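Heads up: the structure comes next, in structure tokens.
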Amino acid sequence: MNEWIGSYLKGQHAALDSIPAEAVARLIETLRAALKQDRQIFVFGNGGSAANASHFATDLGKSASDKVGRRFRVLSLNDNVSWLTALGNDYAYDEVFVGQLRNYARPGDIALSLSVSGNSPNCVKALEWARENGLVTVALVGAKRGRMAEIAQQVIVINDTHYGRVEDAQMGICHLLCYAFVEHPEWAA
């Protein structure tokens, strides 16, 4: 068991080491601009990525906003069960995010999606719509990259295909994005 744990941790370190600092810095600047321009930030994913999206929205919306003294307008599209089930039931599951974006999103807003495979149909469809409608599109994906990496204007790839390691690294990126403002509120100026 200890050998397996050591091997897993070695893989986790490699996944974390694959986070491209330049791409994260660029995304921090994108969030900074969104804050200054009072843009909405929409974040979404499936499964563990949905949990990461919710966690990110909480940290950016509360903790980072508290520190900078202005409010990030951030919303996880995973968090309204009535919306998700109505759109999934009445249309199709691949409509659960794009259906919400059609109601809420405006040109210049941000659509940030998390997926290990990069091919989640509901995330792909939402990013396609977002790009066609003038939103800034961002994808956090695993090594397979998938269709989302082809669509998004900003892409951060974790060089691993293991779902747990990629999701952990993506949450690490989300924490970097939030704590950039928590620990350096002057960067929001």
Worksheet item: Among Tyr91, Tyr179, Tyr163, which one shows the biggest mean-square fluctuation in a GNM of the chain, springs joining Cα atoms closer than 10 Å?
Response: Tyr91
Discussion item. Can you tell me which lysines have their Cα less than 28 Å from the Cα of Lys62? Leave out same-chain residues fewer than eight positions away.
Written reply: Lys36
Worksheet item: Taking the Cβ of Ala51 as the center, what net charge do the other residues with Cβ under 14 Å away carry, scoring Lys and Arg +1 and Asp and Glu -1?
Response: -4
Discussion item. Below 8 Å between Cα atoms, with a sequence gap of 6+, how large is the relative contact order for the range 122-171 in percent?
Written reply: 32
Worksheet entry | Largest-first principal axis extents of the Cα set of the range 95-189 (Å) | 36, 35, 20
Worksheet entry | HN-Hα J in Hz across the range 116-123 - Karplus 6.51, -1.76, 1.60, θ = phi - 60°, x for Gly and Pro | 6, 6, x, 10, 4, x, 5, 6
Practice prompt. Quote the convex hull volume per residue of the range 83-151, based on C-alpha atoms, as a whole number of Å³.
Written response: 70
Worksheet, complete the sentence: Under the Karplus relation with 6.51, -1.76 and 1.60 and θ = phi - 60°, whole-Hz ³J(HN,Hα) for the range 88-95, x at Gly and Pro, equal x, 6, 7, 10, 6, 4, 6, 9
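Grab the beta carbon distance between His55 and Asn2, set R0 = 35 Å, and tell me the FRET efficiency rounded to 0.05. Each step should come with its number before you reach the end.
Numbers: r = 30 Å, r/R0 = 0.85.
Calculated transfer efficiency: 0.70.
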Worksheet item: What is the set of long-range amide H partners of Thr161 at a cut-off below 5 Å, with H atoms built 1.01 Å from backbone N?
Response: Ala143
Fill in: Viscosity 0.890 mPa s, temperature 25 °C, Stokes-Einstein D of the range 16-105 from Kirkwood C-alpha radius, µm²/s
171
Worksheet entry | Dipole-positive endmost among Val81, Ala152, Val136 within the chain (Cβ charges, Cα centre) | Val136
Worksheet entry | Under 25 Å from Lys10, Cα to Cα: lysines that are on another chain or at least 8 residues apart | Lys144
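Counting only other residues whose beta carbon sits under 14 Å from that of Arg70, what net charge do I get with K and R as +1, D and E as -1?
Values: positive: Arg32, Lys36, Arg39, Lys62, Lys67, Arg71, Arg73; negative: Asp38, Asp66, Glu186.
With Lys, Arg at +1 and Asp, Glu at -1, the net is +4.
Give me the net charge for the shell around Arg165: Cβ to Cβ below 12 angstrom, other residues only, Lys and Arg +1, Asp and Glu -1. All intermediate terms of the calculation are to be shown ahead of the outcome.
Working: positive: Lys10; negative: Asp17, Asp160, Glu167, Asp168.
After counting each charged neighbour, the total is -3.
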Discussion item. Can you classify the chain as rounded, prolate or oblate using the Cα gyration tensor, where a ≥ b ≥ c are the square roots of its eigenvalues, rounded means a/c under 1.5, and otherwise it's prolate if a/b beats b/c and oblate if not?
Written reply: oblate
Practice prompt. Specify the inter-centroid distance of the range 1-18 and the range 144-189, based on alpha-carbon positions, in whole Å.
Written response: 19
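Charges only on Cβ, +1 for Lys and Arg, -1 for Asp and Glu: so what's the dipole of the chain about the Cα centre, in debye to the nearest 20?
Values: 18 positive and 20 negative charges, 81 e Å.
The dipole magnitude comes to about 400 debye.
Quick check on the chain: helices-only [θ] at 222 nm, where DSSP H runs of length 4 and up contribute -39,500 (n - 2.57) each and the sum goes over total residues. Nearest 500, please.
Numbers: 9 runs with 103 residues, N = 189.
After summing the helix terms and dividing by residue count, I get -16500 deg cm²/dmol.
Each value in this text was obtained by applying a stated rule to the coordinates, not by laboratory testing. These numbers were taken from a predicted model, which means no experiment stands behind them. Because the Cβ atoms are built from the backbone with ideal geometry, glycine has one as well, and the counts that use them run over all protein chains shown.
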